[in-house]
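A short worksheet on the structure shown next.
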Amino acid sequence: MDEVTGAQLIAESLKAQKVEYMFGIVGVPIIEVAMAAQAAGIKYVGMRNEQAACYAASAIGYLTGRPGACLVVSGPGLIHALGGMANANVNCWPVIVIGGSSDRNQETAGAFQEFPQVEACRLYSKFSARPSNLEVIPSVVEKAVRCSMYGRPGACYVDIAGDMVNAKVDRSKVREVSCCPPPPLSAADSSAIADALSVLTAAKRPLIIIGKGAAYAQAESGLREFVEMSGLPFLPTPMGKGVLPDDHPNCVAAARSRALLQADVILLIGARLNWILHFGLPPRFDPNVKIIQVDLCAEEMGNNVRPAVALLGDIGAVVAQLVQRLRNDGWKYRSNTEWWGALREKISANAKISKALAVQSQLPMNYYTVFHHISQLLPRDCIIVSEGANTMDIGRTMLNNYLPRHRLDAGTFGTMGVGLGFAIAAAALEKSSSGKGQRIVCVEGDSAFGFSGMEVETMCRYNLPVVIIVVNNNGIYSGVDPDTWKEMAKMGDLTSVAPPVTLLPEARYDQVMTAFGGRGFLVRTPEELRSALQLSLSDWEKPSLLNVLIDPSSDRKQQEFPWLTRSNL
Ligand code: ADP
Ligand code: MG
């Protein structure tokens, strides 16, 4: 008799569904699942916190279109992973979470780490289930993988009772389930395509917005053709950056506020009109703006703004339809319109302001100086992971992306602490046989770094090609310098007097890296920054961390609007 365990069935089913990476933390009852995964040919990355493990698994889903798996123990292990599931689900990224749970015959008895896990995951996922016996494991895993990718992508949870992990069943009783193919693609209704073109060609001030849905859809080549054929200006969302290169002549990112405010027709491709796009409403948008919305999720159409035209379908397919139609009509938006003139003028004015801030030479450095030097040294094909408040916002405007899916950040959920998990996932892909020698550069605020800082050990353990740059302003939003901190400590108990935004001034995050054998640099000047970064990027032996001490009161340049659109209630 050929017997197989529950652990083997889980592992083999994942592998059969082409899940190639697993991130997790082992313990009772799922150690055997991780070992079986490796035996089945899945790469297993042991992490230090389940939240970061789940961030990593979800980044695999975004970068490859096929989910990664996150393996966690019962109770607290699963609870820790919920943050990662929520982040993936809100970002519309596929991920599979496998959670061990307490033995079935101890349910309701107060078993070790007992928790209603399947119910707990429902709010954070598209699908949450426990196979009722060993025989159905392949079907449930296939369904989870399929649900994570089909329709709007998201998180899926599969629970495995502890007693099922080592239980055995005759292999002949288990129904084999073949690999589910990539999602079937649908195109938009052809009359809607015609409507879209007539709205677009009648526009005075048209704009394309490219979101991370377009990046996920891998629609870059079609989109480039459409943009160049139509001559339209485009604006990437934060993770839409790089679908077309940031230095493309049609990119108007440096005139973002102006473009959003004055556009009369917007072709919205794989982005939601949520807080990131200020809901598509005044004061940030023209109240009469006509939206042509491209999305595969029908329920998304009309959120906050009723679209003039809804193009329901896969972005790649819909863009191909638009290109076809454009080719037939032979229409092109002229490059000498007033609108292009206004956008170009704004772009060069903004560039001047940033440049002036970047070349300021006083120490400690400000954000603009730091990003100016980093941007000069980063290779065009590097993957940029970014999080933090000012660090992420200013970095987004100053660090260019030239390739699709090469920027990972706090995303739709605004989650801090994602960076190291994302970088580990990107580096794991990079280390695989298909790696292209790309650098993974993690630009972190000091607060953001802290959430998952111990994952530095994971990076050192697997020797991952990651460069972490901590832009250290001693706090959340802002901090104080060491002398002020000492004065404060004299004024009383720090829990009463220290501003809640402060973190330890000049904390030695670089020593966190050296503690595990990586390379750490303490950086105070542009020269130190340049030499440390050059060395880290060129000599690829081990991970590095640059602890860049900046002026704790450095701030963002004056903005026309606050970054977060709040209600006036
Ligand atoms: P951003 O943060 O860049 O604004 P969002 O995550 O808000 O992007 O929006 C991405 C949108 O793209 C979601 O509404 C999602 O349903 C959609 N989407 C994802 N993949 C595809 C695809 N292949 N085709 C069409 N739409 C997609
Ligand atoms: Mg900070």
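The values are calculated or read from the model by the stated rules, or taken from the named source; none is laboratory data. Just so we're clear, the structure is a prediction, and the values are computed from it rather than from any experiment. Heads up, the Cβs are rebuilt from the backbone with ideal geometry, glycines too, and the neighbour counts pull from every protein chain shown.
At least 3 residues that are at pLDDT below 95 in each: list the helices (runs of 4 or more DSSP H) lying fully within the range 371-486 that qualify.
Values: elements: 390-398, 419-431, 446-451, 455-461.
By residue number, 390-398.
Would you confirm whether or not the range 469-477 contains a residue that is on the phi > 0 side of the Ramachandran plot and more than 28 Å from the chain's Cα centre (by Cα)?
Within the range 469-477, not a single residue is on the phi > 0 side of the Ramachandran plot and more than 28 Å from the chain's Cα centre (by Cα).
Which of (1) over 26 Å from the mean Cα position of the chain (by Cα); (2) touching a residue at least 60 places away in the same chain (Cβ under 8 Å); (3) within 16 Å of ligand 2 (Cβ to nearest atom) does Phe516 not meet, given it meets every other one?
So Phe516 meets the others, but not (3).
Could you count how many residues in the range 101-122 are over 14 Å from Val28 (Cα atoms) and among the hydroxyl-bearing types (Ser, Thr, Tyr)?
Here is the first cut: in the range 101-122, the ones over 14 Å from Val28 (Cα atoms) are 104-110, 115-122.
Add one more test, that the residue is among the hydroxyl-bearing types (Ser, Thr, Tyr), and what stays is 108.
Final tally of qualifying residues: 1.
When the residues of the range 211-261 are narrowed to those that are of a type in the set (Ser, Thr, Tyr) and within 15 Å of the chain's Cα centre (by Cα), which ends up nearest to Phe413 (Cα to Cα)?
So the residue we want is Thr237.
Where residues in the range 143-168 are more than 20 Å from Gly77 (Cβ to Cβ) and not in a helix (DSSP H, G or I), which of them is farthest from ligand 1 (Cβ to nearest atom)?
Residue satisfying both the conditions and the ranking: Lys168.
Here is a yes/no grid of residues against (1) of a type outside the set (Asp, Glu); (2) at positive phi; (3) in contact (Cβ under 8 Å) with a residue 60 or more places away in the chain:
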residue: Pro67; (1), (2), (3): yes, no, yes
residue: His80; (1), (2), (3): yes, no, no
residue: Asn87; (1), (2), (3): yes, no, yes
residue: Asn91; (1), (2), (3): yes, no, yes
residue: Glu114; (1), (2), (3): no, no, no
residue: Gln117; (1), (2), (3): yes, no, no
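Looking only at helices (runs of 4 or more DSSP H) that fall completely inside the range 190-262, which ones have 1 or more residues that are at pLDDT 95 or above, more than 27 Å from Pro287 (Cβ to Cβ) and within 16 Å of ligand 1 (Cβ to nearest atom)?
Fully inside the range 190-262 and qualifying: 212-216, 220-230.
Tell me which of these Gln360 doesn't satisfy, since it passes every other one: (1) modelled with pLDDT under 95; (2) buried (at least 17 other Cβ atoms within 10 Å of the Cβ); (3) of a type outside the set (Asp, Glu).
Every listed condition holds for Gln360 apart from (2).
Please verify whether the range 268-287 includes one or more residues that are more than 11 Å from ligand 1 (Cβ to nearest atom), surrounded by 23 or more Cβ atoms within 10 Å (Cβ to Cβ) and part of a strand (DSSP E or B).
no
If only one of Ile42, Ile79 is among the aliphatic types (A, V, I, L, M), over 20 Å from Ala11 (Cβ atoms), in contact with an Asp or Glu (Cβ under 9 Å, 6 or more places away or on another chain) and surrounded by fewer than 24 Cβ atoms within 10 Å (Cβ to Cβ), which one is it?
Working: Ile42 fails: over 20 Å from Ala11 (Cβ atoms).
Testing whether each residue is among the aliphatic types (A, V, I, L, M), over 20 Å from Ala11 (Cβ atoms), in contact with an Asp or Glu (Cβ under 9 Å, 6 or more places away or on another chain) and surrounded by fewer than 24 Cβ atoms within 10 Å (Cβ to Cβ) leaves just Ile79.
Please enumerate the residues belonging to the range 519-546 that are in contact (Cβ under 8 Å) with a residue 60 or more places away in the chain, within 15 Å of His373 (Cβ to Cβ) and of a type outside the set (Lys, Arg).
Selection gives Thr525, Pro526, Leu529, Leu533, Gln534, Ser536, Leu537, Leu546.
Please verify whether the range 229-237 includes one or more residues that are in contact (Cβ under 8 Å) with a residue 24 or more places away in the chain and closer than 13 Å to Asn400 by Cβ. Break it down into steps so the answer makes sense when it comes.
First pass over the range 229-237, keeping only residues in contact (Cβ under 8 Å) with a residue 24 or more places away in the chain: 229-237.
Filter once more, keeping what is closer than 13 Å to Asn400 by Cβ: 236.
Looking through the range 229-237, at least one residue is in contact (Cβ under 8 Å) with a residue 24 or more places away in the chain and closer than 13 Å to Asn400 by Cβ.
Do you know which residues across the range 351-388 are basic (Lys, Arg) and within 24 Å of the chain's Cα centre (by Cα)?
Selection gives Arg380 alone.
Exactly one condition in (1) within 16 Å of ligand 2 (Cβ to nearest atom); (2) crowded, with 20+ Cβ neighbours inside 10 Å; (3) not in a helix (DSSP H, G or I) is false for Asp510; which is it?
(3)
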